[in-house]
4 protein chains.
Amino acid sequence: MLLRAGIVGFRGYGGAELVALLHKHPHAEPVLMEHREETEHAPKLRKPSLTPRIRCTADAVREAKLDVVFLATPPEASLDLTPGLLDAGAKVIDLSGAFRLRTPERYKAWYKAEHTQPALLAEAVYGLPEFYRERVKTARLISNPGCYPTAANLAIRPLMDAHVIDRTAGIVCDAKSGTSGAGRKASLSNSFCEVDENFSAYSVLNHRHVPEVLLTSGLLEAEFSFTAQLLPLDRGILETIYFRAPGITSAASLLKVYEDRYADEPFIRLYELGNVPDLRAVQRTNFCDIGVKFDPATGRAVVVSAIDNLVKGAAGQAIQNMNLAFGLKETEGLL
Amino acid sequence: MLLRAGIVGFRGYGGAELVALLHKHPHAEPVLMEHREETEHAPKLRKPSLTPRIRCTADAVREAKLDVVFLATPPEASLDLTPGLLDAGAKVIDLSGAFRLRTPERYKAWYKAEHTQPALLAEAVYGLPEFYRERVKTARLISNPGCYPTAANLAIRPLMDAHVIDRTAGIVCDAKSGTSGAGRKASLSNSFCEVDENFSAYSVLNHRHVPEVLLTSGLLEAEFSFTAQLLPLDRGILETIYFRAPGITSAASLLKVYEDRYADEPFIRLYELGNVPDLRAVQRTNFCDIGVKFDPATGRAVVVSAIDNLVKGAAGQAIQNMNLAFGLKETEGLL
Amino acid sequence: MLLRAGIVGFRGYGGAELVALLHKHPHAEPVLMEHREETEHAPKLRKPSLTPRIRCTADAVREAKLDVVFLATPPEASLDLTPGLLDAGAKVIDLSGAFRLRTPERYKAWYKAEHTQPALLAEAVYGLPEFYRERVKTARLISNPGCYPTAANLAIRPLMDAHVIDRTAGIVCDAKSGTSGAGRKASLSNSFCEVDENFSAYSVLNHRHVPEVLLTSGLLEAEFSFTAQLLPLDRGILETIYFRAPGITSAASLLKVYEDRYADEPFIRLYELGNVPDLRAVQRTNFCDIGVKFDPATGRAVVVSAIDNLVKGAAGQAIQNMNLAFGLKETEGLL
Amino acid sequence: MLLRAGIVGFRGYGGAELVALLHKHPHAEPVLMEHREETEHAPKLRKPSLTPRIRCTADAVREAKLDVVFLATPPEASLDLTPGLLDAGAKVIDLSGAFRLRTPERYKAWYKAEHTQPALLAEAVYGLPEFYRERVKTARLISNPGCYPTAANLAIRPLMDAHVIDRTAGIVCDAKSGTSGAGRKASLSNSFCEVDENFSAYSVLNHRHVPEVLLTSGLLEAEFSFTAQLLPLDRGILETIYFRAPGITSAASLLKVYEDRYADEPFIRLYELGNVPDLRAVQRTNFCDIGVKFDPATGRAVVVSAIDNLVKGAAGQAIQNMNLAFGLKETEGLL
């Protein structure tokens, strides 16, 4: 099988990662889709890459016989493009926030805009394979999770399922992301001299990705404190998660919660007791690495969760979802 | 008045910062003190700096008529050197952890070594001027606070004094530091290619600086979760502090706790509601910048505290202490 | 004396450096001048800096009794603003390229625009104090040199005066600059993820700063190969300069050319034989550091010249010029 | 075919890159060889990688049936290990400088040590496939080129063969390398805070890699000025090469020299007129990218050559050589 996979938004960092990963995928070939006029920004090679380009229209999708289209676009563009692409017979894997929050009300509250496709919102499957694998397999429209929620939910959901968190004391998720998470665009706040040698918090307590964590983990907003912070580096997310685990008696038993839940997961890696991941460990991989620390005397627990925001947090997870949705081996092209 | 100020450990990052700040100080002149043989590591200028150099002995201190000696040395060296320097008539401002923890038992528990100067430990004054100003003024031996505890205590202590923290839910301090905080030495873990594009946690829950926060803030260890993390940048510490404040009704009233406490403090800067500091704001300054976020619906609070680890977290605060101890204007040489 | 010094373009990196340096200057006070509407980009402090602000008009300049105005603006804005500021009685120190190239023809050839103030162009004095000190002292309009030409001319001009360069073989100047040299603006090419971990050449052989080097050094364009390159760091310029010196017999005699010429210069620092400067040595200083390497067997010579592009390459040199133009000590506020 | 490929020095940056590339190679499997005791430096995964490990002895090589051994070791270790490995029947691809300089005299002059294996030195083939492909195919001992010489020779040798360089005026190669080029070791000069925000020249005019360029290009030492410089980034080399080309009439005809020479080369990429490569273009690839600039009015030429120092400059080129030496497709595992 050779899937024909369109990419809208291929000039962005997530889109470019999709193109690169699909080029290496044994059962897929990338097709670049021109969404709107944009100027290139790179020195010109004498022999440019041969990835074909088509217009981003339903007719073009049919003519090009695309099996799947990845939308690496802002939510508004995803809302506009999705119906036509589905009508043209392609599955859609949307990397924006357009279809993540389940109800139009929630979308409006966090994205400050009306949701124009409520029926598709109801239909969309949240593409976190470790928890929604079966539904992804048959989905027509897959909503790829946000980068921060991927790292957070993979760390928190097993703890919630195992009821180890003292929810009255709450849970803190202090998240740090490389600057590619802010997208590829001209902006003063992301210019080199503003980010270099700097570190800054943004969207403290009210980041758009918060409701994704609540929906998947089952936490209430009052129980979950989240801060997003910008690292002076290109790629990677590391989240330091704090909570109290009164029923846990040792670091080993805390780690065992993850071992039990993730024994068969190909993209979750756990660390030996006393070790936690750093960003290097996950950069340019589709892994989510998790390590734990625990103080039995006081019940204080810390979990560190790390991913590459452009891979497991975007393009890699999107391909993992594509693999599932087309009956391929889940790890194909990703190891 | 012109204070003659010796610096032991002037080749380290904190020591070099001391030399630079003292060169600009209108009432002090730096004297470099050779502690042991070390090779220089810098291209050689044709006309080197004229800062004088003496041996680090009591006789040399007397002969050079030093008023004060700054120890930018490991704790063991500080323990060895301090008695002789005091005997020679100099005040000592120690930047190591040797005299910070008040009792030999606590020192042994956290520094894994016997404290050899218990009498001096009892005498030493903890040099956080915002809380111990009067005692610093008359001290002979000043223990300069650690970098992490400086940022933490300046943010937490006013909240403790105002009883706004829900201590049963605990307080989380997620701290990030530039790599200069690890000192100037050859080590694989601090080599460029290991730190660049990386971010990593270390000493999760059991960092040596924890007891300093407990001693100054009054928190119990069970109430305080602290993680130190390494940023791929040179200098600066930013701490993101999470807690519940059930009695607080608005961000403004949380900010007011700091406004009331710090109205007359020259080195504390507060931020307008909705704003928190980034590292840039404090680099190469002696300021501690503080901003708050608060969600009245749920009582969740976040405070961001930022300093330069080499200035307010080390050399600048040491000079602030020197100014106090010699009756100079507290801000002299630091604005 | 307290000079009242206006700054137009204070939000840019060069302008902000001017404000910071003038705040520390014992005989000047900065006045921020609003040139056009711009949004701020920084978290808001509770007590903002007290630097006054005025409109950028001739009337406002008279009313505010400004002695000097620094233009940290694009060349077109400098051309527009300069006549009115001079009429209002202020000296003008222009940091743009508007008045550097001596003739309207040369300006048009390199800046691709008509020069609208040819009389002022003829009047302007090129503010490289090490070579034009006397003329700067009496100038009404000072054209502050470009950053690359400052490092290049300070290294090359003494060699030209001493006739040591084999001009038929030519001279190569391979220049590297921190990203602040590109200015403070939103642009994709200067965004963090494009610059981080990257290094790139631009304006190879045809950079706008080339004619400034030719005019000051006396080299012909055919003799001078120059490449500008972008470093993934904030500030500093390092230029590696290659030539043949057939009449030179040793590194010491090459270094002596500089020692003779720069014996009394406060801002030129020379290096011991076998040593060349790195960027760290000059960052946040007004120094130009120079070191030489020479192979007597073949006559090949390499000179390394380093400055801080925002200080000796912009704001610091502008203040050095201000000091000269108002009869202050040349180093005032700069050491 | 499945080649069993040993790697000595797998903990270094070049060695680790070899392991990673061999893991992806369809016809090779890596075998880690323990050379001496070293401590690991990475958080521990629960399920570590399954790459097998053997001792670095001739017996172990025979028992493990290794086809080839890569030596990512210092030259002295390569000299010690090579004879035994060859005796054990493995081909050896040495990434050190031990076998690059053809004669013991030259080795002694540049490496300041006696060459202990002159017969093997005479036998070794210099593994720059673009110029020595046929000899590599039958070699038993391949000397993998240095990183700087790879980028330099691929840019310079075609110009020499086409006689376009004015050798009397000489050629300048201003080289910049990421810090991984300095190897993975604890050293103050490579520590994060010394390299970050810095840029420095080292080994000006007398770098050990110079004779490799002379031997391959045919230039004389008097004609070639080379400076190595350290970039504050992880990986990549960019060389800016300056010369005069009196017989060349246009940039197109200069570019044509490369087009003619490299028409069939899989790992050389040329750039459209007016474009030169940046580091990003080649990082994590085995490509050497080349672009040209030329001023017909004066004959001045600039060529920019870029590689990844760990791939085409080390591990990738080593695998390219392995592919050739074992009759595999030259690009196998490298695209």
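A few notes on this one:
- Being more than 8 Å from chain A (Cβ to nearest Cβ), assigned to a loop (DSSP other than H, G, I, E, B) and open to solvent by less than 30 Å² (accessible area, probe 1.4 Å) holds for only one residue in B:L219, B:L205, B:L255, and it is B:L219.
- Selection from region D:99-115 of residues that are basic (K, R) and surrounded by fewer than 19 Cβ atoms within 10 Å (Cβ to Cβ): D:R102, D:R106, D:K108, D:K112
- Checked against the criteria, D:P266 counts as assigned to a loop (DSSP other than H, G, I, E, B) and away from chain C (no Cβ under 14 Å).
- Meets criteria (within 25 Å of C:V172 (Cα to Cα) and either touching a helix residue (DSSP H, G or I) at 6+ places or on another chain (Cβ under 8 Å) or at pLDDT 95 or above (or both)) for D:T285: no
- Total residues in region A:103-117 satisfying the condition of being touching a helix residue (DSSP H, G or I) at 6+ places or on another chain (Cβ under 9 Å) and either assigned to a helix (DSSP H, G or I) or assigned by TED's automatic domain parsing to the domain that holds A:V213 (or both): the figure is 6.
- Matching residues, region B:237-252, being in contact with a helix residue (DSSP H, G or I) (Cβ under 9 Å, 6 or more places away or on another chain) and not in a loop (DSSP other than H, G, I, E, B): B:I237, B:L238, B:E239, B:I241, B:F243
- Boolean, C:L85 is crowded, with 24+ Cβ neighbours inside 10 Å and either among the small types (G, A, S) or within 14 Å of the chain's Cα centre (by Cα) (or both): no
- Which numbered condition B:G14 fails, given (1) within 28 Å of C:L279 (Cα to Cα); (2) open to solvent by 40 Å² or more (accessible area, probe 1.4 Å); (3) away from chain C (no Cβ under 14 Å); (4) touching a residue at least 40 places away in the same chain (Cβ under 8 Å): (2)
- When residues in region C:116-129 are screened for being open to solvent by less than 10 Å² (accessible area, probe 1.4 Å) and within 15 Å of C:L214 (Cβ to Cβ), 1 of them pass.
- Selection count, region D:137-177, where residues are open to solvent by 10 Å² or more (accessible area, probe 1.4 Å), under 22 Å from D:A245 (Cβ atoms) and more than 14 Å from chain C (Cβ to nearest Cβ): 6
- Within region A:107-161, tally of residues that are among the β-branched types (V, I, T), over 19 Å from A:I171 (Cα atoms) and under 16 Å from the mean Cα position of the chain (by Cα): 3
- Against the conditions (1) modelled with pLDDT of 95 or more; (2) among the hydroxyl-bearing types (S, T, Y); (3) open to solvent by 30 Å² or more (accessible area, probe 1.4 Å), C:S96 satisfies every one except (3).
- Top-ranked residue of region A:183-192 - restricted to ones that are small (G, A, S) and part of a loop (DSSP other than H, G, I, E, B), ranked as most open to solvent (accessible area, probe 1.4 Å): A:A186
- Residue within region A:261-269 that is buried (at least 19 other Cβ atoms within 10 Å of the Cβ), outside the structural domain of A:P129 (by TED's automatic domain parsing) and free of Cβ contacts under 8 Å to residues at least 40 places away in the same chain present: yes
- Any hit, region A:281-290, residues being touching a strand residue (DSSP E or B) at 6+ places or on another chain (Cβ under 9 Å), under 23 Å from B:H207 (Cα atoms) and either in contact (Cβ under 8 Å) with a residue 40 or more places away in the chain or of a type in the set (V, I, T) (or both): yes
- Some residue of region B:43-51 being among the hydroxyl-bearing types (S, T, Y) and open to solvent by 50 Å² or more (accessible area, probe 1.4 Å): yes
- Boolean, D:Y132 is farther than 19 Å from D:G236 by Cβ and open to solvent by less than 30 Å² (accessible area, probe 1.4 Å): no
- Looking only at region A:274-293, and only at residues there that are more than 12 Å from chain B (Cβ to nearest Cβ) and assigned to a loop (DSSP other than H, G, I, E, B), the one that is nearest to D:A20 (Cα to Cα): A:T285
- Condition met for C:S180 (at the interface with another protein chain (Cβ under 7 Å from one of its Cβ atoms), assigned to a helix (DSSP H, G or I) and open to solvent by less than 10 Å² (accessible area, probe 1.4 Å)): yes
- Which listed residue is within 30 Å of A:G12 (Cβ to Cβ), surrounded by 24 or more Cβ atoms within 10 Å (Cβ to Cβ), among the aliphatic types (A, V, I, L, M) and touching a helix residue (DSSP H, G or I) at 6+ places or on another chain (Cβ under 6 Å), from C:V195, C:V213: C:V195
- Hey, C:V19 more than 27 Å from C:P118 (Cβ to Cβ), among the hydrophobic types (A, V, I, L, M, F, W, C), more than 14 Å from chain B (Cβ to nearest Cβ) and surrounded by 16 or more Cβ atoms within 10 Å (Cβ to Cβ) or not: yes
- Of the residues making up region A:222-238, those that are at the interface with chain B (Cβ under 8 Å from one of its Cβ atoms), among the β-branched types (V, I, T) and within 30 Å of D:R280 (Cβ to Cβ) number 0.
- Test: residue in region A:118-128 that is under 21 Å from A:G9 (Cα atoms), in a strand (DSSP E or B) and either within 14 Å of chain B (Cβ to nearest Cβ) or touching a residue at least 60 places away in the same chain (Cβ under 8 Å) (or both): yes
- The C-beta contact set for region C:54-82 (first residue closer than 19 Å to C:E29 by Cα, second residue assigned to a strand (DSSP E or B) and open to solvent by 50 Å² or more (accessible area, probe 1.4 Å), distance under 6 angstrom, 6+ apart or interchain) comprises C:K65/C:R4; C:L66/C:R4; C:D67/C:R4.
- Hits in region D:86-117 - residues which are over 21 Å from D:A182 (Cα atoms), touching a residue at least 40 places away in the same chain (Cβ under 8 Å) and not small (G, A, S): D:L86, D:K91, D:V92, D:R102, D:R106
- Odd one out for C:S200, checked against (1) more than 8 Å from chain D (Cβ to nearest Cβ); (2) open to solvent by 10 Å² or more (accessible area, probe 1.4 Å); (3) of a type in the set (G, A, S); (4) within 27 Å of A:L230 (Cβ to Cβ): (1)
- Residue, surrounded by the fewest Cβ atoms within 10 Å (Cβ to Cβ), within region A:294-321, restricted to residues that are within 14 Å of chain B (Cβ to nearest Cβ) and β-branched (V, I, T): A:T298
The values are calculated or read from the model by the stated rules, or taken from the named source; none is laboratory data. Computed from a predicted structure; not experimentally measured. FYI the Cβ positions are ideal-geometry reconstructions off the backbone, even for glycines, and counts take in every protein chain you see. The protein model used for the area step is the full one, side chains on, heavy atoms only, and it has no ligands, DNA or RNA in it. Shrake-Rupley method; radii C 1.70, N 1.55, O 1.52, S 1.80 Å.
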